[in-house]
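This report refers to the structure that appears directly beneath it.
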Amino acid sequence: TKIDALTRLQNSLNKLVLTTPSQSQKDVRTEFDGFEKLFSRYLLDSVDQSSIDWQEIRQPPEGTVIPYKKLTAIDEHDTKDFLNKLIVVKLNGGLGTTMGCQGPKSVISVRNDLTFLDLTVQQLEQLNRQYGCEVPLILMNSFNTHDETEKVLQKYSHVSVKIYNFNQSKYPRVDRETLLPVATNVNTSDNECWYPPGHGDVYQAFYNSGLLDEFIEQGKEYMFLSNIDNLGASVDLNILNHLLTDEVKHEFVMEVTDKTRADVKGGTLIEYQNKLRLLEIAQVPKENVDEFKSVSKFRIFNTNNLWINLQAIKRVIEDNTLHMEIIVNHKSLDKGINVIQLETASGAAIKSFEGAQGINVPRSRFLPVKTTSDLLLVMSNLFTVHRGILKMNPQRSFPSVPLVKLAISFNKVKDFLSRFQSIPDCLELDSLTVSGDVTFGKGVSLRGTVIIIANHGDRIDIPTGAILENKIISGNLRI
Ligand code: UPG
């Protein structure tokens, strides 16, 4: 039975704890307690068992998502005080694998040789300097990113931003058949046996690290949490002002933005059984995925820029009232074992907080770099950088970002860079599709809709200085 399965798992975790030296057993135990809790919910909790009932989904009720324009601007005299109540936390557990890079994603260069991390530090440095305040930066690392991040952080030791980091949990992957951990030893170097349990882990891991209490003691009140790869996630003073002055206390604010055709995957805010809730694509029944992706039914999505009250985090952790839906991720390991890993998403915590609200923010607050197609845009003249913040170039006549789809041969950052002698001018680009073996010379200009298709075995070299405007180039055509 399920109870037996849970008991077997507990026994096996107890044995695993003993494989580590006694001085670290307490920490491993705390981590495993978190895992056990998640796993027993997965096995036994009826709320977690039932999948979402599609008919029960409602649009969020009036007033729960407010337009950004409605916020009042911060009073200059308050700015410094208010900023001193803020901490900035970046989710830094992810690797650069999808972009063909080793190591943490945050150390990939994205603009003028500056990495995600460099830009973040620059933003905060400027903010602290401008207002004479002390907003610290905190990174949540996973065991995959911790060592290298620590190394890289040394270069910021003279910067006027205090930087802290803490590790999220390391949970054992579980064999799908036996429901037992694949690992037989905690200190195995075989990383395949472990996984970081999603960014929903941030609340518990931050609490466990002791940093939550430390910042509360220092008088900090809110955390601004975001994905490190979202270049639009800078500190917004009007939102901060809203949190600290609105007559209703908002313990949790989620920045959402209008969905476009490019955002099919993002989580969305819904009302479900009378609660505001985040719905992620991984939770949508197969037959409803197309509907979920459509722009007409689900008009907004979660940017994962979240503002959360620190005391409230402490309360929900200590009272055990923090609940995030479990996302089950199936994987197969190199050694051929099928495993499951249980994850949670940080935005899903919204339902556990009082006065939760969505703010519909301008698109400029969501500028993620997930692929080299995104990279092309942020490296190009479509954006200007000021104080570590990317802004759409005012010379672009319309505010939307072009749709770019580069060929698989551009997927790795290294290959991408070798295929462009310089980044093309994209100021007037609407959409770009590139397929096959294509290279670009220096100073190429792309305008309107451009499609370049090199057939299998052929190569297309776009010559230096070429201007392509509403053009389709295909076959082995040389222009
Ligand atoms: N991350 C961690 N630890 C983990 C997993 C991820 O730190 O265990 C980090 C990751 O490095 C990245 C961030 O969390 O900085 C977001 O992860 P990612 O996989 O890129 O995003 P998703 O989890 O797919 O989606 C999140 C929200 C979703 C939202 C979307 C916006 O869950 O609701 O629409 O971000 O990009």
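The values are calculated or read from the model by the stated rules, or taken from the named source; none is laboratory data. All figures in this text were calculated on a predicted structure; none of them were measured in a lab. No Cβ is skipped: glycine too gets one built from the backbone with ideal geometry, and neighbour counts run over all protein chains shown.
Under the condition of being touching an Asp or Glu at 6+ places or on another chain (Cβ under 8 Å) and part of a helix (DSSP H, G or I), the residues counted in segment 84-119 number 4. Residues that are farther than 30 Å from Val174 by Cβ, surrounded by 17 or more Cβ atoms within 10 Å (Cβ to Cβ) and within 13 Å of the ligand (Cβ to nearest atom) do occur in segment 349-362.
With respect to the conditions (1) surrounded by 14 or more Cβ atoms within 10 Å (Cβ to Cβ); (2) among the small types (Gly, Ala, Ser); (3) under 28 Å from Val253 (Cα atoms), Gly96 falls short on a single one, namely (3).
Among the residues that make up segment 149-172, is at least one of them in a helix (DSSP H, G or I), touching a Cys at 6+ places or on another chain (Cβ under 9 Å) and in contact (Cβ under 8 Å) with a residue 24 or more places away in the chain?
First pass over segment 149-172, keeping only residues in a helix (DSSP H, G or I): 149-156.
Retained after the next criterion (residues that are touching a Cys at 6+ places or on another chain (Cβ under 9 Å)): none.
No, there is no match, as no residue in segment 149-172 is in a helix (DSSP H, G or I), touching a Cys at 6+ places or on another chain (Cβ under 9 Å) and in contact (Cβ under 8 Å) with a residue 24 or more places away in the chain.
Mind telling me which of the residues Val28, Val17, Val47 ends up being surrounded by fewer than 13 Cβ atoms within 10 Å (Cβ to Cβ) and either of a type in the set (D, E, K, R) or in contact with a helix residue (DSSP H, G or I) (Cβ under 9 Å, 6 or more places away or on another chain) (or both)? That would be Val47, the only listed residue that is surrounded by fewer than 13 Cβ atoms within 10 Å (Cβ to Cβ) and either of a type in the set (D, E, K, R) or in contact with a helix residue (DSSP H, G or I) (Cβ under 9 Å, 6 or more places away or on another chain) (or both). With respect to the conditions (1) more than 15 Å from the ligand (Cβ to nearest atom); (2) crowded, with 19+ Cβ neighbours inside 10 Å; (3) among the charged types (D, E, K, R), Lys90 lacks only one, and its number is (1). Within segment 239-290, being among the hydroxyl-bearing types (Ser, Thr, Tyr) and either modelled with pLDDT of 90 or more or over 23 Å from the mean Cα position of the chain (by Cα) (or both) holds for Thr245, Thr257, Thr268, Tyr272.
Looking at Asn302, is it touching a residue at least 40 places away in the same chain (Cβ under 8 Å) and either buried (at least 16 other Cβ atoms within 10 Å of the Cβ) or in contact with a Gly (Cβ under 7 Å, 6 or more places away or on another chain) (or both)? Against the criterion (touching a residue at least 40 places away in the same chain (Cβ under 8 Å) and either buried (at least 16 other Cβ atoms within 10 Å of the Cβ) or in contact with a Gly (Cβ under 7 Å, 6 or more places away or on another chain) (or both)), Asn302 qualifies.
Scanning segment 233-250 turns up at least one residue that is closer than 22 Å to Lys90 by Cβ and within 13 Å of the ligand (Cβ to nearest atom).
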